[in-house]
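The values are calculated or read from the model by the stated rules, or taken from the named source; none is laboratory data. No experiment lies behind these values; they were computed from the predicted model shown. Quick reminder, even Gly has a Cβ in these numbers, built from the backbone with ideal geometry, and neighbours come from all protein chains shown.
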Amino acid sequence: MKNINVSFRDENEKKKFVLECEEKFHKYLKEVSKKAVGSGADILLLSGPTCSGKTTLANKIINDFKKKGSRVIVVSIDDFFNDRNDSRVVEEGKRIDYDSINALDFEQLKKTVCDLKEKREFSVPRYDFLTQKRAGFDHYKADDNTVVIFEGIQAVYPEIIALFADCDYVGIFSNVNEDVTVNGTYFSRDDIRLSRRIVRDKKFRGATADFSMYLWETVRENEDKNIYPNKNICKIQMDSFLEYELFVLKNYIIEILDEVEQDNVYYGQAISLRKKFEDLLSISYDYVPNNSLYTEFLGKK
């Protein structure tokens with residue numbers, strides 16, 4: 001359990017607190033990336049649950065490999081999604097299956113990995129999330145100076161790990177690792193990631209809070225089934241929590257949660273989460289630098 005107890009006399013102290021947290025995190029991020037770059041592996045499997053900071057970590061690792069003179073190819077496992085059709089609909093509630101191994105064109109993924117291992121040209125699909133269909137392929141050929149990063153929540157699924165069993169690879173896992181009390185208010189690690197997701201989905205996808213909470217149910221089921229049991233295959237792990245973040249989220253999430261109506265099945269959950277944020281101090285997002293992990297959830301200013 002992480003305990004955070006802070007108070008601020010003025011706005012300058014708030015800004016100083018944000019920048020100190022950012023400096024501390026970037027030093028930590030540098031050390032995590034250093035382990036990845038120094039691992040000697042030419043294939044990296046980068047995973048973590050939703051809203052865990054994978055993009056920030058991936059970008060840091062990519063930049064550090066490039067500084068070293070390596071060529072980097074990033075393969076998003078999401079691009080192997082099957083075209084949307086009835087086979088991806090989960091019968092209970094008619095949700096679309098974006099999480100299980102069945103959501104992926106596993107045969108194409110297997111061929112891509114096989115061609116990569118055999119030093120042949122390999123093809124990576126491009127998935128159009130607007131049409132929810134495959135839009136084409138990109139083609140690559142790796143040489144001895146190439147590092148390939150397979151990025152996505154699925155990178156620790158047993159079926160995918162098995163594809164790399166005979167490879168020189170390293171697993172990397174990003175997450176919010178601990179529950180937190182902030183000035184006496186308890187937030188579980190799930191509260192933190194759900195809050196990130198609600199704000200991100202509203203900001204970038206126009207989604208309502210209740211829709212994010214609806215999707216969250218299957219997201220968490222899949223994490224418990226396929227992600228968390230396998231995270232320890234990752235030799236490198238990162239905790240993406242920032243000590244100031246809940247103070248900044250307060251400015252956004254209360255308004256979003258207020259949109260959940262009383263007759264909505266998620267109203268009780270929305271009220272419970274809202275009450276936690278009501279008790280927090282508020283810090284402006286203006287104090288957060290544009291190279292922050294938090295741009296993943298709130299965008300650049």
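If I filter segment 100-123 for residues that are at pLDDT below 95, of a type in the set (Ser, Thr, Tyr), part of a loop (DSSP other than H, G, I, E, B) and touching a helix residue (DSSP H, G or I) at 6+ places or on another chain (Cβ under 8 Å), do I get at least one hit? Yes: segment 100-123 contains one or more residues that are at pLDDT below 95, of a type in the set (Ser, Thr, Tyr), part of a loop (DSSP other than H, G, I, E, B) and touching a helix residue (DSSP H, G or I) at 6+ places or on another chain (Cβ under 8 Å). Flag: SER292 matches the condition of being assigned to a loop (DSSP other than H, G, I, E, B), of a type in the set (S, T, N, Q) and either touching a strand residue (DSSP E or B) at 6+ places or on another chain (Cβ under 8 Å) or buried (at least 17 other Cβ atoms within 10 Å of the Cβ) (or both).
When ILE61, ILE4 are screened for being in contact with a Ser or Thr (Cβ under 8 Å, 6 or more places away or on another chain), under 30 Å from THR185 (Cα atoms) and touching a residue at least 24 places away in the same chain (Cβ under 8 Å), only ILE4 passes. Every condition in (1) under 30 Å from GLY40 (Cα atoms); (2) buried (at least 18 other Cβ atoms within 10 Å of the Cβ); (3) modelled with pLDDT of 95 or more; (4) not hydroxyl-bearing (Ser, Thr, Tyr) holds for ASN226 except the one numbered (3). Exactly one residue out of GLU22, GLU13, GLU31 is out of contact with any Cys (no Cβ under 6 Å at 6 or more places or on another chain), buried (at least 19 other Cβ atoms within 10 Å of the Cβ) and either not hydroxyl-bearing (Ser, Thr, Tyr) or not in a loop (DSSP other than H, G, I, E, B) (or both): that is GLU22.
Please determine whether any residue of segment 70-79 is charged (D, E, K, R) and at pLDDT 95 or above. Working first, answer last.
Initially, segment 70-79 is screened for residues charged (D, E, K, R), giving 71, 78-79.
Okay, now just the ones that are also at pLDDT 95 or above, so 71, 79.
So far as segment 70-79 goes, yes, one or more of its residues are charged (D, E, K, R) and at pLDDT 95 or above.
Close Cβ contacts (under 8 Å, 6 or more residues apart or on different chains) running from residues in segment 278-290 that are in contact (Cβ under 8 Å) with a residue 40 or more places away in the chain and farther than 10 Å from LEU249 by Cα to residues that are among the aliphatic types (A, V, I, L, M) and surrounded by fewer than 16 Cβ atoms within 10 Å (Cβ to Cβ) comprise LEU281/VAL6; TYR287/LEU19; PRO289/LEU19. Quick one: in segment 48-64, of everything that is out of contact with any helix residue (DSSP H, G or I) (no Cβ under 6 Å at 6 or more places or on another chain) and of a type outside the set (S, T, N, Q), which residue is nearest to HIS26 (Cα to Cα)? Only one residue tops the list, namely LEU57.
From the list GLU22, GLU13, which residue is among the acidic types (Asp, Glu), farther than 21 Å from ASP179 by Cβ and more than 22 Å from the chain's Cα centre (by Cα)? Let's see the steps before the verdict.
Working: GLU22 fails: more than 22 Å from the chain's Cα centre (by Cα).
Going through GLU22, GLU13 in turn, the sole match is GLU13.
Taking the criterion of being crowded, with 23+ Cβ neighbours inside 10 Å and more than 11 Å from ILE227 (Cα to Cα), the only residue of segment 153-170 that qualifies is ILE160. Residues in segment 104-163 that are small (Gly, Ala, Ser) and without any contact (Cβ under 8 Å) to a residue 60 or more places away in the chain: SER123, ALA135, GLY136, ALA162.
Somewhere in segment 101-109, is a residue in contact with a Pro (Cβ under 9 Å, 6 or more places away or on another chain), closer than 30 Å to SER39 by Cα and among the polar types (S, T, N, Q)? Yes.
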